[in-house]
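Here is the structure we will look at.
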Amino acid sequence: MLFDTHAHYDDERFEEDREHLLASLPEKGVGLVVNPGITLETSRMAVAMAHRYAHVYAAVGIHPENCHDFTGAQIDALRELAKEDKVVAIGEIGLDYYWEENPPRELQQEVFRAQLALARELDLPVIVHDREAHGDTLKIVQEFPDVRGEFHCYSGSPEMAQELVKMGWYLGFDGPITYKNARRAPEVVAVTPLERMLIETDAPYLTPVPYRGKRNDSTYVYLVAQKLAEWKGISTEEMVQAAWDNGKRFFAIT
Ligand code: NI
């Protein structure tokens, strides 16, 4: 069975068929999904979906792109939400220096640190978003040596991947590894042990080839596994099984 460790079914692009699609995932070979929130509201939606579907788990967090109006009260709200059944991580949190209109870097860093501290307090793993912010993201997670986590849709260097592996962290791989311009990904995969790899869609975004341009969903995560298997020199079945075991271990799902 496939474990998609990162999908956003709270997204409006699933408005029309969300319940039908979620209900149909197990019969399509997707046995587990983790849905991270990107705001308080979507974190609440993620928890509600996890309560409705046995195969869906939730993470709660505030994404760096959505932290303009951050207050300490939001941390309190996340803390309460994180105590709910089936919340397995704090995420999606991190830094995003890509978009000009994003909140100021200092604010992003403050919100990131506050949520890492929450993860430490609650003893939960974190799901980290790092876009064009590799140095600062690594530096900040290293301030929290007790927190373990995953770099979702990993886009850093092979050297940074090795550093994260040494720290006990996991790396998430998504549709972009199937794109023609994925030059660094094979090098990253070469230095990442199989037991630290997670497969993700980031649905509805980042649809793998050959469906690029269409809306992404968890059924396409096998294309990510296929590409990783090719680079690792193992069968797709072995890759899928490893990613399943890794995901369950990482999120402590029994
Ligand atoms: Ni995401």
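The values are calculated or read from the model by the stated rules, or taken from the named source; none is laboratory data. Treat the numbers as computed from the prediction; the structure is a model and nothing was measured. Heads up, the Cβs are rebuilt from the backbone with ideal geometry, glycines too, and the neighbour counts pull from every protein chain shown.
For the structure I just gave you, tell me whether PHE173 is within 16 Å of the ligand (Cβ to nearest atom) and out of contact with any helix residue (DSSP H, G or I) (no Cβ under 8 Å at 6 or more places or on another chain). Before the answer, list the steps.
Numbers: within 16 Å of the ligand (Cβ to nearest atom): yes; out of contact with any helix residue (DSSP H, G or I) (no Cβ under 8 Å at 6 or more places or on another chain): no.
Against the criterion (within 16 Å of the ligand (Cβ to nearest atom) and out of contact with any helix residue (DSSP H, G or I) (no Cβ under 8 Å at 6 or more places or on another chain)), PHE173 does not qualify.
Filter segment 231-251 down to the residues that are part of a loop (DSSP other than H, G, I, E, B) and within 15 Å of ASP4 (Cα to Cα) and list them by number. So that I can check it myself, show each step before the final result.
Taking segment 231-251 and keeping what is part of a loop (DSSP other than H, G, I, E, B), we get 233-235, 251.
Listed by number, the list holds a single entry, PHE251.
Which condition does LEU228 not pass, out of (1) under 21 Å from HIS8 (Cβ atoms); (2) without any contact (Cβ under 8 Å) to a residue 60 or more places away in the chain; (3) assigned to a helix (DSSP H, G or I), if it passes all the others?
With (1) under 21 Å from HIS8 (Cβ atoms); (2) without any contact (Cβ under 8 Å) to a residue 60 or more places away in the chain; (3) assigned to a helix (DSSP H, G or I) applied to LEU228, the lone miss is (1).
Evaluate the following for ALA50: is it crowded, with 20+ Cβ neighbours inside 10 Å and either in a loop (DSSP other than H, G, I, E, B) or in contact with a Pro (Cβ under 7 Å, 6 or more places away or on another chain) (or both)?
On the way: crowded, with 20+ Cβ neighbours inside 10 Å: yes; either in a loop (DSSP other than H, G, I, E, B) or in contact with a Pro (Cβ under 7 Å, 6 or more places away or on another chain) (or both): no.
Spelling it out, it is not the case that ALA50 is crowded, with 20+ Cβ neighbours inside 10 Å and either in a loop (DSSP other than H, G, I, E, B) or in contact with a Pro (Cβ under 7 Å, 6 or more places away or on another chain) (or both).
Take the conditions more than 16 Å from the ligand (Cβ to nearest atom) and either in a strand (DSSP E or B) or within 19 Å of the chain's Cα centre (by Cα) (or both) and apply them to VAL33. Does it pass?
Numbers: more than 16 Å from the ligand (Cβ to nearest atom): no; either in a strand (DSSP E or B) or within 19 Å of the chain's Cα centre (by Cα) (or both): yes.
So VAL33 does not fit the description; no.
Hey, ARG196 hits all of (1) buried (at least 16 other Cβ atoms within 10 Å of the Cβ); (2) basic (Lys, Arg); (3) under 19 Å from ASP96 (Cβ atoms) but one; which does it fall short on?
That leaves (3) as the condition not met.
Residue-wise test of (1) under 13 Å from the mean Cα position of the chain (by Cα); (2) hydroxyl-bearing (Ser, Thr, Tyr); (3) at pLDDT 95 or above.
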| site | (1), (2), (3) |
| --- | --- |
| TYR154 | yes, yes, yes |
| ALA161 | no, no, yes |
| THR178 | no, yes, yes |
| ALA185 | no, no, yes |
| PRO210 | no, no, yes |
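Could you tell me whether any residue of segment 64-87 is in a helix (DSSP H, G or I), aliphatic (A, V, I, L, M) and over 18 Å from VAL126 (Cα atoms)? Working first, answer last.
First, pick out the residues of segment 64-87 that are in a helix (DSSP H, G or I): 64-66, 72-82.
Checking which are aliphatic (A, V, I, L, M) leaves us with 73, 75, 77-78, 81-82.
Add one more test, that the residue is over 18 Å from VAL126 (Cα atoms), and what stays is 73.
Yes, some residue in segment 64-87 is in a helix (DSSP H, G or I), aliphatic (A, V, I, L, M) and over 18 Å from VAL126 (Cα atoms).
Listed here are the residues, each with its yes/no results for (1) touching a helix residue (DSSP H, G or I) at 6+ places or on another chain (Cβ under 8 Å); (2) closer than 17 Å to VAL111 by Cα; (3) surrounded by fewer than 24 Cβ atoms within 10 Å (Cβ to Cβ).
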site	(1), (2), (3)
PRO36	yes, yes, no
THR39	yes, yes, yes
SER43	yes, yes, no
ALA46	no, no, no
TYR57	yes, no, no
PRO64	yes, yes, no
ASP69	no, yes, yes
ARG79	yes, yes, yes
GLU84	yes, no, yes
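Residues of segment 112-142 being surrounded by 17 or more Cβ atoms within 10 Å (Cβ to Cβ) and within 16 Å of the ligand (Cβ to nearest atom), which ones?
PHE112, GLN115, PRO125, VAL126, ILE127, VAL128, HIS129, ASP130, ARG131, ALA133, THR137
If I filter segment 148-170 down to residues being in a helix (DSSP H, G or I) and of a type in the set (A, V, I, L, M), which single residue comes out as farthest from the ligand (Cβ to nearest atom)? Break it down into steps so the answer makes sense when it comes.
Filtering segment 148-170 down to residues in a helix (DSSP H, G or I) leaves 158-166.
Within this subset, residues satisfying the condition of being of a type in the set (A, V, I, L, M) are 160-161, 164-165.
Working: MET160: 19, ALA161: 19, LEU164: 18, VAL165: 22 Å.
Filtering first and then ranking leaves VAL165.
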